[in-house]
Amino acid sequence: MTKPPEFYLLGIVLLLALLQIFLTAHFKTRQYGYKWNVSARDEALPPLSPMAGRLSRAQANLFETLPLFIAALLANLYLGHNGYYSELSAELYVASRLIYLPLYAFGVPYLRSIVWAIGIIGLLGQILLIFC
């Protein structure tokens, strides 16, 4: 039995989520130090550096839509709605998330928002496909 391409796309976006967790943690630790990293993190801290802040916000942005994408994708695979439209919408979502991270990390305006919107189109495609 061959796995649908959507499973590979799911794996890629999950690896991206893990990468974003590590990148954000790395930049926070660089700023606040290893003692902070291993502490309970109860103390008030100065604001994050621009890069650490953008990485943290990019991670939060991904985590807002990732559960919706996973649920819709798995629902479509369960319903047998894998095919051209399922793969295309998953590709749009995953590709946009891959492109979005460096755009946000380096503070690129406008284009970042366009890429985000393309990802939302992919997500909506997955959600709407459930009803077909």
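The values are calculated or read from the model by the stated rules, or taken from the named source; none is laboratory data. Since the structure is predicted, the reported quantities are computational estimates derived from the model, not experimental observations. Using ideal geometry, Cβ is built from the backbone for each residue, glycine included, and neighbour counts are taken over all protein chains shown.
Criterion first (surrounded by 14 or more Cβ atoms within 10 Å (Cβ to Cβ) and assigned to a loop (DSSP other than H, G, I, E, B)) does L74 satisfy it?
Values: surrounded by 14 or more Cβ atoms within 10 Å (Cβ to Cβ): yes; assigned to a loop (DSSP other than H, G, I, E, B): no.
In short, no.
Would you say A52 is at pLDDT 95 or above and in contact with a Phe, Trp or Tyr (Cβ under 6 Å, 6 or more places away or on another chain)? Don't jump to the end; show me each part of the working.
Values: at pLDDT 95 or above: yes; in contact with a Phe, Trp or Tyr (Cβ under 6 Å, 6 or more places away or on another chain): yes.
Yes: the conditions hold for A52.
Among the residues of the range 13-71, write down those that are exposed (fewer than 15 other Cβ atoms within 10 Å of the Cβ), under 23 Å from L98 (Cα atoms) and of a type outside the set (A, V, I, L, M).
F22, H26, S49, P50, R57, F63, E64, P67
How many residues are buried (at least 17 other Cβ atoms within 10 Å of the Cβ) and either among the polar types (S, T, N, Q) or not in a helix (DSSP H, G or I) (or both) if we restrict to the range 122-132?
Residues in the range 122-132 being buried (at least 17 other Cβ atoms within 10 Å of the Cβ) and either among the polar types (S, T, N, Q) or not in a helix (DSSP H, G or I) (or both): 1 in total.
Show the residue pairs that are 6+ apart or on different chains and have beta-carbon atoms under 9 Å apart, the first residue being within the range 69-89 and β-branched (V, I, T), the second being surrounded by 15 or more Cβ atoms within 10 Å (Cβ to Cβ).
Listed pairs, sorted by first residue: I70/L10; I70/V13.
Scan the range 46-57 for residues that are part of a helix (DSSP H, G or I) and within 25 Å of L15 (Cβ to Cβ) and report the count.
Of the range 46-57, the ones part of a helix (DSSP H, G or I) are 50-57.
Filter once more, keeping what is within 25 Å of L15 (Cβ to Cβ): 51-57.
The total comes to 7.
Conditions (1) modelled with pLDDT under 95; (2) of a type outside the set (F, W, Y); (3) outside any helix (DSSP H, G or I); (4) more than 22 Å from L19 (Cα to Cα), marked per residue:
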residue	(1), (2), (3), (4)
A44	yes, yes, yes, yes
Q59	no, yes, no, no
F63	no, no, no, no
L68	no, yes, no, no
L98	no, yes, no, no
P102	no, yes, no, no
R112	no, yes, no, no
I118	no, yes, no, no
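Does K3 satisfy the criteria of being of a type outside the set (F, W, Y), out of contact with any helix residue (DSSP H, G or I) (no Cβ under 8 Å at 6 or more places or on another chain), surrounded by fewer than 14 Cβ atoms within 10 Å (Cβ to Cβ) and not in a helix (DSSP H, G or I)? Spell out the reasoning first.
Working: of a type outside the set (F, W, Y): yes; out of contact with any helix residue (DSSP H, G or I) (no Cβ under 8 Å at 6 or more places or on another chain): yes; surrounded by fewer than 14 Cβ atoms within 10 Å (Cβ to Cβ): yes; not in a helix (DSSP H, G or I): yes.
For K3, the condition - of a type outside the set (F, W, Y), out of contact with any helix residue (DSSP H, G or I) (no Cβ under 8 Å at 6 or more places or on another chain), surrounded by fewer than 14 Cβ atoms within 10 Å (Cβ to Cβ) and not in a helix (DSSP H, G or I) - is met.
Which residue is farthest from L68 (Cα to Cα), if the candidates are limited to the range 90-121 and must be crowded, with 16+ Cβ neighbours inside 10 Å, in contact (Cβ under 8 Å) with a residue 40 or more places away in the chain and not hydrophobic (A, V, I, L, M, F, W, C)?
In this case the residue turns out to be Y104.
Against the definition (under 20 Å from G119 (Cα atoms), touching a Lys or Arg at 6+ places or on another chain (Cβ under 9 Å) and in contact (Cβ under 8 Å) with a residue 60 or more places away in the chain), how does V13 come out, yes or no? Walk me through how you get there before you give the answer.
Numbers: under 20 Å from G119 (Cα atoms): yes; touching a Lys or Arg at 6+ places or on another chain (Cβ under 9 Å): yes; in contact (Cβ under 8 Å) with a residue 60 or more places away in the chain: yes.
Taking the combined requirement at face value, the residue satisfies it.
Of the numbered conditions (1) in a helix (DSSP H, G or I); (2) touching a Leu at 6+ places or on another chain (Cβ under 8 Å), K35 satisfies every one except a single condition; which is it?
(2)
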